[in-house]
Amino acid sequence: MPREEKRLHAYQPPVTPRPAATILLLRDVAQGYEVLMTRRSARASFAPGAYVFPGGAVDAADGGEQARMLGRQRGTQSEEQQAYTVAAIREAFEELGVLLAYRDPTADQLTDQKQLELLDRGHDSDFLAQIEAAGHRLAVDRVWWLCHWITDRDLPKRFDARFFVARMPEGQDPRADEGEQFDPVWISPAEALAGHERGDFPMIFPTIRTLRRLAAFNSVDEVIDQCRSESPLWVSSPRAAHLRGEVERFSEHEAPYGELELIVPDGRILHSLDWQHEKAVALLKHVSRLTAPNPGMMTGPGTNTYIIGDAVSGFAVIDPGPEDPAHIDRIAELVGDRLVYTLCTHSHPDHSPGASLLQARCGGEILGRASGESVQHIWPFTPDRTIEDGERIRVGDSTLLAIHTPGHASNHLCFYLEEDGLLFSGDHINNGSTVVIGPPDGNMKAYLDALERLRELSARYILPAHGWVLGFPQIAIESLIRHRLGREAKVTAALVAAGGRATTEALLPHVYDDVPAKLHPVAARSLRAHLDKLTEDGRVGIEGELWTLLA
């Protein structure tokens, strides 16, 4: 983790979340399936007026001996999971009058509405005592764990909530308690999401995200089949930031999450995600990001220039960016006459041309690796001093480890700030897009080998040349490797389908059928890199313009 003394904001412990359980009751319909939702009271302290799934806090009795005795469980359910499941069953009964239970220890599921109406749904009643007195058994074995949400850290009331799914019992009629819940409605995930977009079906973040995931399934059986592992399909504790004048929330798999975790680990809403080019964005006390004004299809919001250090110990600048005097002026204003090093990850025109301009303004030594011979004439770059793989560069109390990572470019370097676990990845890893590998200077095999090296680091965050800070570096790197190998498999599959021989042009629309046609000229460069790697691996050969599958 980054050093605590380098954090921008003193840590303020969030409110401890209270254990809770939520249940999604599902039923099949002619066109897919529906989920039972209900509207919360406008006076509720949590999510007032929103449409939700029934649920609430876990009580001590839900995990007690009586609850275990009254439940019919699957042998694979842990005692903790059983307790949360009992809580979900109880809340569905109290809020909507739906009871997931068996008539007696050996009978089928309870479907008699009249028997249900003999039970007291009041929150002050003893739910388990009533179940025992009626001779029923809770259908714990018919409830499945879907996902796990922990309420956002910035909120004053928080829940550690497990979301479960179950098939709606036949013969039962949901009826809201008219105190906490109103207007029970059966609705498909797609219809609920459309209503939210229109503004007439209000929902909170975890409800929306859960429904988005459920919208991919076609039936109740499909949903339940995905949940049979007895573990959640996902776990999330969202983070919030300001974006376009609104507070927006993001889950772990979304692009801004890592940046929010780095800057405000306690989850307070103190950071803006809007891209701008006039001012540097402080990430830590000694690390800032200034984005060049060169947005585009290949650069995203622009090239990120990173400034490391302080006015006392001096600064290092990583990737001064394109030859843009206004951008160089802004960097110069930040570092003044205290620039020690300008580090270039590689020689592409959006990364290194600004180095000489910055040196003319502020001095300092330009470090990096010279352009490869095949591209020296179009992307010329020769540093004052060549950085060797494994070399360490000191800037004040920070150490930057240089890692030679060819692939995107033969002279590509990443820099690892060892004391804080920050990997400045240049173009080797970007946030929100894959990297183009264009031969002859680009090499797919070298790119994948370098990813394997980076995976071995204990990096906590990746600071890319394009996009926000990335969290979960190991997952990000694994995803890139998996993506590239998956694309390679599509290349071989396309060759097989073509009878073992095909041109690059013939392969392109099949291998990149998930990429818009307007991007195919760029994709063709990476396709060539894949074919070159397969050739190097001895799996493909080339005769004239025809690629031939060998193995």
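The values are calculated or read from the model by the stated rules, or taken from the named source; none is laboratory data. Here the structure is a predicted model, which is why all the values come from computation and not from measurement. Note that each Cβ is placed from the backbone with ideal geometry, even for glycine, and that neighbours are counted across all protein chains shown. Side chains included, ligands, DNA and RNA excluded: accessible areas come from the protein's heavy atoms. Shrake-Rupley method; radii C 1.70, N 1.55, O 1.52, S 1.80 Å.
In Å², and per residue, what accessible area does the stretch 3-77 have when probed at 1.4 Å with the other protein chains present?
Each residue of the stretch 3-77 exposes 49 Å² on average to a 1.4 Å probe.
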Within the chain, pairs of Lys residues whose Cα atoms are less than 17 angstrom apart, provided they are eight or more positions apart or on distinct chains, add up to 4
Excluding ligands, DNA and RNA, the carbon-plus-sulfur percentage of the accessible area of the stretch 243-354 with a 1.4 Å probe reads 52 percent
Mind giving me the FRET efficiency for GLU132 and HIS520? R0 is 60 Å, r the Cβ-Cβ distance, nearest 0.05 is fine.
0.35
Cα centroid separation - the stretch 514-551 against the stretch 1-48, whole Å:
46 Å
Counting only DSSP beta bridges with both residues in the stretch 417-551, tell me the antiparallel percent, nearest 5.
65 percent
Express in % the proportion of alpha carbon pairs of the stretch 205-265 at distances exceeding 15 Å.
61 percent
Can you give the local net charge around ALA20? Use residues other than it whose beta-carbon is closer than 15 angstrom to its beta-carbon, Lys and Arg +1, Asp and Glu -1.
-3
Trypsin sites (Lys or Arg not before Pro) within the stretch 92-163: DSSP coil, no more than 11 neighbouring Cβ in 10 Å:
LYS157
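Compute and list, largest first, the equivalent-ellipsoid semi-axes of the stretch 95-140 from the alpha carbon gyration tensor, each √(5λ) rounded to a whole angstrom.
Values for the stretch 95-140, descending: 17, 12, 9 Å.
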The stretch 102-196 - accessible surface per residue (Å², probe 1.4 Å):
46 Å²
For Cα pairs less than 8 Å apart in space and 6+ apart in sequence, what is the mean separation divided by the residue count of the stretch 54-130, i.e. the relative contact order in percent?
29 percent
Could you tell me the distance between the Cα centroids of the stretch 326-381 and the stretch 214-253, to the nearest Å?
42 Å
Looking at the stretch 265-357, which GluC sites (Glu not before Pro) are DSSP coil and have at most 11 other C-beta atoms within 10 Å of their C-beta?
GLU278
Using a 1.4 Å probe on the protein heavy atoms, what percent of the accessible area of the stretch 393-551 belongs to carbon and sulfur?
56 percent
Could you give me the ³J(HN,Hα) list for the stretch 257-274, computed from phi with Karplus coefficients 6.51, -1.76, 1.60 and θ = phi - 60°, whole Hz, x at Gly and Pro?
4, x, 5, 5, 5, 5, 7, 10, x, 7, x, 5, 8, 10, 10, 10, 9, 5
Enumerate the residues in the stretch 399-443 having an amide nitrogen under 17 Å from the point lying 7 Å beyond the Cα of ALA370 toward its Cβ.
410-413, 441
Given Cβ point charges of +1 (Lys, Arg) and -1 (Asp, Glu) and nothing else, what value in debye, to the nearest 20, does the dipole of the chain about its Cα centre take?
360 debye
With every protein chain kept in place and a 1.4 Å probe, the stretch 400-551 has an accessible area per residue in Å² of 39 Å²
How big is the dipole moment of the stretch 55-152 about its Cα centre under a simple scheme where the beta carbon of each Lys and Arg is +1, that of each Asp and Glu is -1, and everything else is neutral? Debye, nearest 20, please.
420 debye
Can you check how the C-alpha radius of gyration of the chain compares to 2.2 N^0.38 Å, as a plain ratio?
1.18
What's the angle, to the nearest 10 degrees (0 to 90), between helix 444-455's Cα axis and the longest principal axis of the chain?
60 degrees
Cβ-derived FRET efficiency at R0 41 Å, ASP513 paired with GLU117, nearest 0.05:
0.15
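Report, to one decimal in Å, the Kirkwood hydrodynamic radius for the stretch 351-390 based on all distinct Cα pairs.
10.9 Å
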Counting Lys and Arg as +1 and Asp and Glu as -1, each charge on the Cβ, what is the dipole of the stretch 225-378 about the Cα centre in debye, to the nearest 20?
240 debye
Between the Cα axis of helix 205-214 and the main Cα principal axis of the chain, the angle (0 to 90°, nearest 10) is 90 degrees
When N counts the residues of the stretch 483-522, how does its alpha-carbon radius of gyration compare numerically with 2.2 N^0.38 Å, as a ratio?
1.12
Could you run the Karplus curve 6.51 cos²θ - 1.76 cosθ + 1.60 with θ = phi - 60° over the stretch 346-352 and give me ³J(HN,Hα) per residue in whole Hz, x for Gly and Pro?
6, 9, 5, x, 9, 10, 9
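Give me the extension gain from ASP225 to GLN66: residue separation times 0.36 nm, minus the current Cα-Cα distance, reported in nm with one decimal.
54.3 nm
How many Å³ per residue does the convex hull of the Cα positions in the stretch 253-373 occupy?
Hull volume over Cα atoms, normalised by residue count, gives 124 Å³.
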Rounded D (µm²/s) - the stretch 315-411, Kirkwood Rh over Cα pairs, Stokes-Einstein at 20 °C, 1.002 mPa s:
158 µm²/s
Applied in sequence order to the stretch 380-388, the curve 6.51 cos²θ - 1.76 cosθ + 1.60 (Karplus, θ = phi - 60°) yields integer Hz couplings, x standing for Gly and Pro, of x, 7, 10, x, 5, 8, 7, 8, 8
Expected 222 nm ellipticity per residue - DSSP helices of 4 or more, -39500 (n - 2.57), all of the chain, to 500:
-8500 deg cm²/dmol
How large, in percent, is the carbon and sulfur part of the accessible surface of the stretch 19-96 at a probe radius of 1.4 Å?
49 percent
Can you sort THR382, THR504 by 1.4 Å-probe accessible area, starting with the largest?
THR382, THR504
Report the gain in length on full extension from VAL496 to ALA10: 0.36 nm times residue separation, minus Cα-Cα distance, nm rounded to one decimal.
169.1 nm
